[in-house]
Amino acid sequence: MLYENNWTSLNARPVPAWFGDAKFGIFIHWGLYSVPAYTKKGDYAEWYGMQLGGEDRTVPDFHRRVYGGRQYADFVGDFKAELFDADQWADLFQKAGAKYINFVSKHHDGFCMFKSDFAPFWNSVEVGPHRDFCAELKQALAKTDVRFGVYHSVYEWWHPLYLKDPERYALEHLHPMLEELITKYEPNTLFTDGEWEHPSAVWHSTEFLQWLYNESPVKDVIVPNDRWGKETRGRLGGNFTTEYGWIEAGKKIEDVTLDRPFEECRGIGRSFGLNRLEGVEDYLGPKELLETLADLVSKGGNFLLNVGPAADGTIPVIMEERLLQMGQWLSVNGEAIYGSRVYDKKGQPGVYYTQKDGAVYAILTKFPFGALTLDAVPYSPDRKACILGCDAPVQTADDHGRTRLVFPAINPDDMQSRYLYTVKLA
């Protein structure tokens, strides 16, 4: 069908099925802000350029001490990406069990990580490392089953046309650049951001989405998000996005009825761009990350986990380790995650539920020991239980109409899974 230039028609487009099946993606914030890689703990390091003029003195004082009178734009000369290897990244994301990435093609500073005719001498091909990172990543990911996707900021802090006339900026700069990006690189996702200063009418968002859904080369597969105007998050657009548990200021995930696939994005630490001030205590451990994944998937959502590479193109070892730990768990328990659907959103303490192909999965946060009653699973003598990644037999019993699991003594060394444990009831 052809979609019309209005929200009612555009919102009728279903989110492509692959996205609801994917469940786990990797966000990548990498750019000029990766050179200083610094901000106050708890802040976003990718906002370094704007923080230079802020009232908080953390970034301005650091910048003056370390970089003297240099301007933000001077970081172009330091952003060399000399150790960047797209194939290494792609291999890591594959091992992590991710099914797609969102690569920041342009953040709010306007610097493009691809060759753009609409950002002359402010893109990574014409200046700095002289490399097209979107092209390199897309080519590397084509050798895996991880889909290539992009993030793109709709506004730019310092663009003269945006500062003068945001609507002209949208029509004469933003739309042509987005169409260029989509046509050249054919991403599977489009995560827009920076929409909050104006309503969608100023951004002419419905006009762009009409082109995206009707005419673009990825019209049947692309998944855009809901960040198209100050009024749209959690209401209009493609998949609905949450960030560190918030769908928008003042509203948590549980405060909004999400009637379509949604996606939670967050860093392993507190910042998206690398913040060198963050220590190991600021990073989530593997169990916390996996619980976040299980919680989101049980509610019908995806988990978009961010990494912030260093300016040289390397992914910090602690981030790499977390991704590999998640991948190891998914290699054992992935059937409870990928392609699954909601079974019982509420779950119960220590248990997250999913379902797929007639089977119910109970993801446990504690090692299976003794017995456990699954409040959401009616008892049936025909339903058999097993632990993924373990051969130990699990008995079932009737507990007032609910399924009670009775575990044998299990040697932890015989368990392929760590951190969380999945019981399959088929």
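The values are calculated or read from the model by the stated rules, or taken from the named source; none is laboratory data. Computed from a predicted model, the values in this text were never measured in an experiment. Note: ideal-geometry Cβ built from the backbone for every residue, glycine included; neighbour counts use all protein chains shown.
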- Could you please give the count of residues in segment 316-350 that are surrounded by fewer than 22 Cβ atoms within 10 Å (Cβ to Cβ), outside any helix (DSSP H, G or I) and of a type in the set (A, V, I, L, M)? 1
- Taking into account only those residues within segment 6-21 that are in contact (Cβ under 8 Å) with a residue 12 or more places away in the chain and more than 15 Å from PRO224 (Cβ to Cβ), which is surrounded by the fewest Cβ atoms within 10 Å (Cβ to Cβ)? ASN6
- Task: Could you grab me the full set of residues in segment 372-426 that are under 16 Å from VAL360 (Cα atoms) and of a type in the set (Val, Ile, Thr)?
- Result: THR373, VAL377, ILE387, VAL394, THR396, THR403, THR422, VAL423
- Query: Tally time: how many residues in segment 6-24 are assigned to a strand (DSSP E or B) and among the charged types (D, E, K, R)?
  - Reply: 0
- Query: Among the numbered criteria (1) crowded, with 24+ Cβ neighbours inside 10 Å; (2) among the small types (Gly, Ala, Ser); (3) out of contact with any Cys (no Cβ under 7 Å at 6 or more places or on another chain), which single criterion is violated by SER105?
  - Reply: (3)
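What residue, of ALA45, ALA81, is on the phi > 0 side of the Ramachandran plot and in contact (Cβ under 8 Å) with a residue 12 or more places away in the chain? Give the derivation first.
Details: ALA45 fails: on the phi > 0 side of the Ramachandran plot.
Result: ALA81 is the single residue among ALA45, ALA81 that is on the phi > 0 side of the Ramachandran plot and in contact (Cβ under 8 Å) with a residue 12 or more places away in the chain.
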- Query: Which residues, taken from segment 118-127, are assigned to a loop (DSSP other than H, G, I, E, B) and polar (S, T, N, Q)?
  - Reply: SER124
- Item | Residues within segment 39-73 that are surrounded by fewer than 22 Cβ atoms within 10 Å (Cβ to Cβ), of a type outside the set (S, T, N, Q) and either in contact with a Lys or Arg (Cβ under 9 Å, 6 or more places away or on another chain) or not assigned by TED's automatic domain parsing to the domain that holds PRO309 (or both), tallied | 6
- Item | Residues within segment 268-305 that are outside any loop (DSSP other than H, G, I, E, B) and of a type outside the set (Lys, Arg), tallied | 20
- Scanning segment 212-233 residue by residue, those surrounded by fewer than 20 Cβ atoms within 10 Å (Cβ to Cβ) and in contact with a Lys or Arg (Cβ under 9 Å, 6 or more places away or on another chain) turn out to be VAL221
- Message: Scan segment 81-95 and tell me whether some residue there is surrounded by 14 or more Cβ atoms within 10 Å (Cβ to Cβ), small (Gly, Ala, Ser) and closer than 30 Å to VAL297 by Cβ.
- Response: yes
- Scan (1) outside any strand (DSSP E or B); (2) surrounded by 14 or more Cβ atoms within 10 Å (Cβ to Cβ) for the single condition PHE369 breaks and write down its number. (2)
- Task: Scan GLY370, GLY327 and give me the residue that is in the same structural domain as VAL223 (by TED's automatic domain parsing) and either in contact with a His (Cβ under 8 Å, 6 or more places away or on another chain) or not aliphatic (A, V, I, L, M) (or both).
- Result: GLY327
